[in-house]
Amino acid sequence: MSQDRIHKFVGDQLSRWPLACDNFRALKEVKVREVEVGGLTVKLQFNPARMISSAAKLDKKDLAKRPCFLCRENRPAEQIMLKFEGRKGKKYDILVNPYPIFPDHLVIAKSRHTDQSIWHRYVDMLDLARKYDGYTFFYNGPKSGASAPDHHHFQGAPKGLTPLENDVNECIMSGTPLLKFVTSVQDAELYHYQKFTTGVFVLRSETAKSAAKMFYRLLDCAVTPEGEPEPLFNLFSWWADGEYRSIIVFRRSHRSHHYYSEGPDHLTMSPGCADMAGVFIVPVPEEYDKITQELLSEMVEEVSVSKEDEAVLLKRLTRGQKTINVGIMSAEEIIFEILSDGAGVRKAVMREGKIEYDGALYDELYFGSPTLSTMFAEPAFVLHDVTIGLGFHWQRKENQMFAGALKIIVSKGKLVAINIIGVEDYLLSVISSEMSATADEEFLKAHAVISRSWVMAQLGSFRCMHTAKVPAGICNLPSLISELDARFNTSGEAAEEDVLEYEKWYDKEDHVLYDVCADDHCQRYQGLTRAVGEKVRKVIDATWGQVLTYEGELCDARFSKCCGGRMERFSVCWENKDYPYLQPLADTPGHAGDGKCFCDTEDKSILGKVLNNYDQETVDFYRWIQEYDRDELSLLIERRSGIAIGRLNSLEALERGDSGRIYRLKVSGSGRTLVVGKELEIRRILSESHLKSSAFEIEYLSAEGVMVKAEDEWSTVRLLGSGWGHGVGLCQIGAAVMAAEGHTYTQILQHYYPGARSAPIDE
């Protein structure tokens with residue numbers, strides 16, 4: 001048996017290493033007494049040999065001074081090892097601990113010098129437990145008892161030697177309510193152990209893969225101290241009754257105040273795994289005698305995670321999120337990778353009205369990966385050649401990584417890739433895609449609330465493109481053009497009354513097969529490609545489930561890049577209705593019209609933090625100038641609208657919103673006159689992509705560059721514009737400036753949505 005091999009290894013080691021032999025012999029004679037802490041009977045072990053660990057200086061400066069005693073080149077000549085290989089070729093050395101707490105006490109050190117960290121190594125610990133199933137293996141976090149935080153290692157000892165492990169096994173056997181079920185991932189189950197101290201969890205699983213998913217989900221939900229790579233915790237794992245079992249004990253500090261006290265309550269105790277499993281090591285004889293139940297309980301409470309952080313952890317583990325279907329791309333072929341199976345790049349092709357994949361035809365493909373109710377959005381698949389910035393000047397293709405499930409369907413003669421994901425994990429990407437993840441937290445919180453509000457409003461709604469055209473109520477634009485063509489005289493010139501007027505807005509595209517799309521016409525969503533940084537995770541967590549409401553109703557929380565100094569009404573851009581929380585107010589402190597606008601900034605320290613790299617390609621967003629050659633613009637309008645207007649005679653703003661945005665524009669040509677609305681359609685026909693905004697004044701210039709009237713001969717039209725986007729609701733640049741000036745996210749929301757408030761949405 002493998003544990004017999006370990007026992008023989010320990011015997012061989014002690015026979016050739018006097019130091020270890022003496023300490024193991026002394027271990028048989030150590031004094032032990034029992035004390036009760038939190039309903040668990042624990043042990044006090046007087047072990048003076050452990051002073052080397054209890055009194056270790058663990059700051060970076062002191063660690064750098066001493067040679068690492070776990071590195072091969074620094075070990076004593078007498079120390080021998082067994083080799084163990086973990087997952088993906090990770091190599092470990094199994095060593096005898098020369099300062100034991102338990103019989104057959106082992107150290108399992110990474111063969112290569114690398115920092116103490118559990119990320120990607122928990123499964124190795126489970127493999128150790130499975131191979132050496134007579135042992136329990138444990139892990140001290142770098143600030144949770146590890147005496148060598150600069151070199152990754154586990155420890156091991158025969159099973160059944162710690163009170164916590166034994167009590168957990170008894171609780172599992174008896175089914176006691178002291179183990180309270182919390183959540184599960186596949187066959188892995190997580191329980192909250194309600195004895196001893198706060199923050200103790202038990203994980204059970206038949207497979208290592210499920211156990212790892214549950215474990216990292218747990219760690220992801222735990223409170224991580226600022227600047228630390230992982231939460232503070234101790235970990236124990238063993239194999240029993242056909243399943244992996246782990247105990248995770250979360251902490252708030254490495255040592256209690258007793259360690260640093262110079263008074264009578266001083267204790268030279270530095271709790272690690274053994275201690276937090278119920279075997280408390282006391283290296284000083286006087287302290288062993290003076291420790292009481294009250295003193296020990298106080299020390300345990302100080303190093304254990306607080307009740308507040310425990311409550312946060314439990315809330316994160318048990319909260320849910322609604323599921324959303326996001327349309328990512330449409331193409332005749334879709335190239336993708338499913339990351340969990342390692343099969344590499346695959347291809348789905350449109351053929352005979354179906355999906356050709358792996359030599360067969362399908363109506364639908366589905367690759368499942370459920371979204372967990374946490375902040376750990378695990379990469380699940382990659383899509384190749386996804387178009388971003390569709391129709392805008394930054395349009396480009398890129399490979400994108402996604403969490404959640406992938407569904408491929410057939411629609412309108414093409415394949416459509418749909419990402420099925422939880423709303424909160426969807427927002428991780430939206431917040432990082434709409435604006436940079438480096439922005440100020442208060443700004444990102446405000447954006448999280450409004451982005452969540454908007455998408456929640458879309459769930460379950462029928463999505464269509466609103467279109468209305470006059471005259472005669474004709475809805476099909478080509479038909480309308482044909483009808484008007486019949487009314488033109490033989491010279492090709494339009495009669496005065498032959499004015500083609502149409503109105504179009506792009507609020508809700510034709511998303512009947514999914515809830516929202518991934519591009520700017522909904523909300524930018526680029527999977528995990530730009531969902532980076534703890535800051536974004538933090539703000540999603542802080543605002544989880546919060547939406548913007550007005551008098552109890554969910555707000556249609558619109559936003560744009562830059563309002564240009566004044567916000568706009570809803571009806572200027574979309575259907576003819578307005579909302580009391582979307583007002584055409586000045587973007588100034590207190591909405592006073594005479595102050596400097598928040599969005600009037602060229603501060604690179606702010607803009608560099610909030611604008612993604614492709615957005616930084618646009619620098620003149622607050623005030624801008626666009627010039628066109630007359631003939632150039634005539635052809636552009638014809639190409640973008642599909643309507644032959646002839647040579648452009650003039651542009652005339654017929655109706656403007658309060659911000660100056662035009663929502664009815666008359667385009668007079670030698671062949672035809674158009675009246676176009678609304679705001680985005682105007683921007684669309686006047687640009688190869690989209691004009692920055694429809695808030696512009698019109699000037700005409702002669703060939704000599706002199707300003708003239710429209711009825712005069714002119715060669716250049718100049719648009720003097722303001723703002724970037726529709727200007728309704730939150731102004732992203734303005735909100736970023738407000739956050740930089742110290743405003744909270746609730747103050748930002750009040751500024752841009754007067755009368756609305758942030759509140760948790762009903763589950």
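We did not get these values from a lab; they are worked out from the coordinates using the rules stated. Keep in mind that this is a model prediction, so the values were computed, not measured. Glycine gets a Cβ as well: all are built from the backbone with ideal geometry, and neighbour counts include every protein chain shown.
The table below lists the values:
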read-out	value
Packing rank of 332-344, 517-529, where each peptide gets the mean count of other beta carbons within 10 Å, highest leading	517-529, 332-344
Footprinting exposure proxy for ARG319, ARG537 (fewest neighbouring C-beta atoms within 10 Å first)	ARG319, ARG537
Helix axis angle, 630-641 relative to the chain longest principal axis, alpha carbon, degrees	60
Crossing angle, helix 441-458 versus the chain [Cα axis fit, 0-90 degrees, rounded to tens]	70
Computed [θ] at 222 nm, helices only, for the chain once each DSSP H run of length n ≥ 4 contributes -39500 (n - 2.57)	-7500 deg cm²/dmol
Efficiency of FRET from Cβ geometry, LYS412 and ARG647, R₀ 41 Å, rounded to 0.05	0.65
Mean Cβ count within 10 Å, highest first, over the residues of peptides 230-238, 194-202	230-238, 194-202
Interchain or long-range residues, amide H under 5 Å from GLN523's placed H	CYS517
Local electrostatic count at ALA740 - Lys and Arg +1, Asp and Glu -1, tallied over other residues with Cβ under 10 Å	-3
Distance histogram in 5 Å bins (all Cα pairs of region 2-250, percent per bin)	1, 6, 12, 17, 20, 18, 13, 8, 3, 1, 0
Under 5 Å, built H, 5+ apart or other chain: amide partners of VAL386	GLU398, ASN399, GLN400
Under 9 Å, Cβ to Cβ, from LEU691 - net charge with Lys/Arg +1 and Asp/Glu -1	+3
Principal axis dimensions, region 176-221 - Cα atoms, whole angstrom, descending	29, 22, 13
Most to least packed among 572-585, 555-568 [average Cβ atoms within 10 Å]	555-568, 572-585
Sparsely packed GluC sites (Glu not before Pro) within region 233-306, loop by DSSP, other Cβ within 10 Å at most 15	GLU262
Label-point separation in nm, ILE335 to HIS113, each point 7 Å along Cα→Cβ	4.3
Residue order, fewest to most surrounding Cβ atoms within 10 angstrom, among SER634, SER571, SER304, SER246	SER571, SER634, SER304, SER246
Compactness of region 134-263 - radius of gyration and Dmax, Cα, Å	15.2, 51
Net charge dipole size for the chain [Lys, Arg +1 and Asp, Glu -1 on Cβ; Debye, nearest 20]	2460
Projected-area mean, region 639-719, by convex hull of Cα positions, square nanometres	5.3
Relative exposure of ASP425, ASP115, ASP541, judged by other C-beta atoms within 10 Å (fewest first)	ASP115, ASP541, ASP425
Other-chain or far-sequence residues with amide H under 5 Å of TYR700's (modelled H)	VAL708, ARG718
FRET E, pair ARG351, LEU635, Förster distance 56 Å, beta-carbon r, rounded to 0.05	0.90
Region 655-763: Rg to Rh, with Rh as the Kirkwood radius over Cα pairs	1.14
Average projection area in nm² (convex hull over Cα atoms of region 231-371, one quarter of hull surface)	15.4
Between helix 307-318 and the chain: long-axis angle, C-alpha atoms, 0 to 90°, nearest 10	60
Pairwise label distance in nanometres, GLU78 with THR318, each label 7 Å out on the Cα-Cβ vector	5.4
Cα convex hull of the chain - mean projected area over all directions, nm²	42.0
Cα-Cα over 27 Å, subset of LYS504/LYS535; LYS213/LYS407; LYS209/LYS315	LYS504/LYS535
